[in-house]
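The next block holds one structure in the form of structure tokens; read it before the comments.
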Amino acid sequence: MPTTTQFCTMQMGINPLTGGCDLVIAPSGSGRGRIGIDRTPASSLLIALGSDRRADPDDITPEMQTAPAGTAVGLFSRRGWVGDILLPEGQRRGSRVWLYERGKRNEDTRSGVAGALTEAVAPIEDYHGIDVNVSAQWSVARRDLLVATVSALGVTVSTQVETL
């Protein structure tokens, strides 16, 4: 049986008013609070899905899919976190799901998103010795919406990709 490494990270959560993801401040009395500690994979999965991974040099970014021929690639069009250059062995954080924002409703887009999710959660699987389930399904309610989901140890995190 593979060994697992326990989760112990700063807790992330979704703000119900803004829909944004932020640190969770747990009340500690007298009007003060402390950063919450998360011992589940939820925060790690939120960061993996909610952060943009830098596009590879051969990736076609969404704005270039519909740009006129001869258009130059923008300086920041590959997105990503600048701190990736400090990670060992070319590791990167986040997911490349954003590359499919202007994709078509077809199997290539669905499988590409599933592949990007698998790539994003692979470091979590490796480090913690857990299995993360990945799925990408077209929404029934909206034709242009792809729902991407990852789950591990009873925790499920989803993101939506709006396509053409």
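The values are calculated or read from the model by the stated rules, or taken from the named source; none is laboratory data. Since the model is a prediction, treat every value here as computed from it, not as a measurement. All Cβ positions, glycine included, derive from the backbone under ideal geometry; neighbour counts span all protein chains shown. For accessibility, only protein heavy atoms count, side chains too; no ligands or nucleic acids. Shrake-Rupley method; radii C 1.70, N 1.55, O 1.52, S 1.80 Å.
Search segment 49-61 for residues being in contact with a Lys or Arg (Cβ under 9 Å, 6 or more places away or on another chain), under 20 Å from THR118 (Cβ atoms) and not hydrophobic (A, V, I, L, M, F, W, C), and hand back the single one that is surrounded by the fewest Cβ atoms within 10 Å (Cβ to Cβ).
Within segment 49-61, the subset in contact with a Lys or Arg (Cβ under 9 Å, 6 or more places away or on another chain) is 51-57, 59, 61.
Pick out the ones that are also under 20 Å from THR118 (Cβ atoms) and you get 51-56, 59.
Still in the list and also not hydrophobic (A, V, I, L, M, F, W, C): 51-54, 56, 59.
Numbers: SER51: 17, ASP52: 16, ARG53: 23, ARG54: 17, ASP56: 10, ASP59: 13.
Among those that are in contact with a Lys or Arg (Cβ under 9 Å, 6 or more places away or on another chain), under 20 Å from THR118 (Cβ atoms) and not hydrophobic (A, V, I, L, M, F, W, C), it is ASP56.
Of all residues assigned to segment 128-136, none qualifies as being open to solvent by 30 Å² or more (accessible area, probe 1.4 Å), under 23 Å from MET64 (Cβ atoms) and not small (Gly, Ala, Ser). Could you please find all residues in segment 111-127 being more than 15 Å from the chain's Cα centre (by Cα) and open to solvent by less than 90 Å² (accessible area, probe 1.4 Å)? Answer for segment 111-127, where residues must be more than 15 Å from the chain's Cα centre (by Cα) and open to solvent by less than 90 Å² (accessible area, probe 1.4 Å): just SER111. Just one residue in the set GLN65, GLN160 is open to solvent by 30 Å² or more (accessible area, probe 1.4 Å) and free of Cβ contacts under 8 Å to residues at least 24 places away in the same chain; that residue is GLN160.
Being open to solvent by less than 20 Å² (accessible area, probe 1.4 Å) and either free of Cβ contacts under 8 Å to residues at least 12 places away in the same chain or within 18 Å of TRP81 (Cα to Cα) (or both) is the filter here, so list the residues in segment 37-48 that pass it. Can you show your working first?
Taking segment 37-48 as the starting set, the residues that turn out to be open to solvent by less than 20 Å² (accessible area, probe 1.4 Å) are 38, 41, 43, 45, 48.
Of everything in segment 37-48, those that are open to solvent by less than 20 Å² (accessible area, probe 1.4 Å) and either free of Cβ contacts under 8 Å to residues at least 12 places away in the same chain or within 18 Å of TRP81 (Cα to Cα) (or both) turn out to be SER43, LEU45, ALA48.
Condition (residue is more than 17 Å from LEU45 (Cβ to Cβ), among the small types (Gly, Ala, Ser), touching a residue at least 12 places away in the same chain (Cβ under 8 Å) and open to solvent by 30 Å² or more (accessible area, probe 1.4 Å)) applied to segment 92-104: is it met by at least one residue? No.
Restricting attention to segment 34-83, report how many residues are within 30 Å of ASP131 (Cβ to Cβ) and of a type in the set (S, T, N, Q).
Taking segment 34-83 as the starting set, the residues that turn out to be within 30 Å of ASP131 (Cβ to Cβ) are 35-56, 58-59, 79-81, 83.
Filter once more, so that each one left must be of a type in the set (S, T, N, Q): 40, 43-44, 51.
The number of residues fulfilling the criteria is 4.
Applying the set (1) of a type outside the set (A, V, I, L, M); (2) surrounded by 14 or more Cβ atoms within 10 Å (Cβ to Cβ); (3) without any contact (Cβ under 8 Å) to a residue 40 or more places away in the chain to GLY74 leaves exactly one unmet item: (2).
When LEU86 is tested against (1) within 30 Å of ASP131 (Cβ to Cβ); (2) surrounded by 14 or more Cβ atoms within 10 Å (Cβ to Cβ), only condition (2) is not met. Listed by first and then second residue, the pairs linking a residue in segment 133-146 that is under 9 Å from ARG105 (Cα atoms) and touching a residue at least 40 places away in the same chain (Cβ under 8 Å) to a residue that is hydroxyl-bearing (Ser, Thr, Tyr) and open to solvent by 50 Å² or more (accessible area, probe 1.4 Å), with Cβ atoms under 9 Å apart and 6 or more places separating them unless they lie on different chains, are LEU146/TYR100.
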